[in-house]
Amino acid sequence: MIEVNNKLLEWREFYGYKQRQVAEAIGVNRATYANYECGRRTPDIDGLVKLARFYRISLNELVGCNTSGADNLVLLPRDRQLLEHFHQLSDTKQKACLAHIKLDVELELEFRDKE
């Protein structure tokens, strides 16, 4: 499991928030929130729930907990962004993107095998 402090920093930076903004949103002072991010303190369950709601993610996503199964897949912010952009494309463009990615992966794997 990824440590909560790393996930908090990752989510905050992804959305471009300042520590002060997140702290105000969850009802703690900035120093307390800064301690969450640097790992000196861990939010209690109420704080974790507020943070998950603030970022509109599940508690599992927030703390990096991934139980088995595709329904419990944890997406990193960049993965979520990629999917959001992908779903804005037409079906034709989605198919073209998938074909391009598949080709790139195959070429990458071939290149790695030759090294």
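The values are calculated or read from the model by the stated rules, or taken from the named source; none is laboratory data. What you are looking at is a predicted structure, and each value in this text was computed from that prediction instead of being measured. Cβ sites come from the backbone with ideal geometry, for glycine too, and all protein chains shown count toward neighbours.
Residues ALA34, ALA52, ALA23: which one is in a helix (DSSP H, G or I), hydrophobic (A, V, I, L, M, F, W, C) and over 17 Å from GLU3 (Cβ atoms)?
Answer to the check: ALA23.
Any idea how many residues of segment 11-33 are within 21 Å of PRO77 (Cβ to Cβ) and buried (at least 17 other Cβ atoms within 10 Å of the Cβ)?
Result for segment 11-33: 7.
Name the residue that is nearest to GLU61 (Cα to Cα), counting only residues in segment 2-25 that are out of contact with any Pro (no Cβ under 9 Å at 6 or more places or on another chain) and touching a residue at least 40 places away in the same chain (Cβ under 8 Å).
Restricting to residues being out of contact with any Pro (no Cβ under 9 Å at 6 or more places or on another chain) and touching a residue at least 40 places away in the same chain (Cβ under 8 Å), the top hit is LYS7.
Looking at (1) modelled with pLDDT of 90 or more; (2) among the acidic types (Asp, Glu); (3) more than 17 Å from GLU3 (Cβ to Cβ), can you tell me which one ASP79 breaks?
Condition (1) is where ASP79 drops out.
Would you pick out the residues in segment 1-24 that are modelled with pLDDT under 95 and of a type in the set (Gly, Ala, Ser)?
Passing the criteria: only GLY16.
Scan (1) outside any helix (DSSP H, G or I); (2) without any contact (Cβ under 8 Å) to a residue 12 or more places away in the chain for the single condition VAL28 breaks and write down its number.
(2)
Which one of the conditions (1) in a helix (DSSP H, G or I); (2) without any contact (Cβ under 8 Å) to a residue 40 or more places away in the chain does THR42 fail to meet, given that it meets all the rest?
In the conditions (1) in a helix (DSSP H, G or I); (2) without any contact (Cβ under 8 Å) to a residue 40 or more places away in the chain, THR42 misses (1) alone.
ILE45 fails exactly one of the following numbered conditions: (1) of a type outside the set (Phe, Trp, Tyr); (2) modelled with pLDDT under 95; (3) under 21 Å from ARG80 (Cβ atoms). What is the number of that condition?
The one condition ILE45 does not meet is (3).
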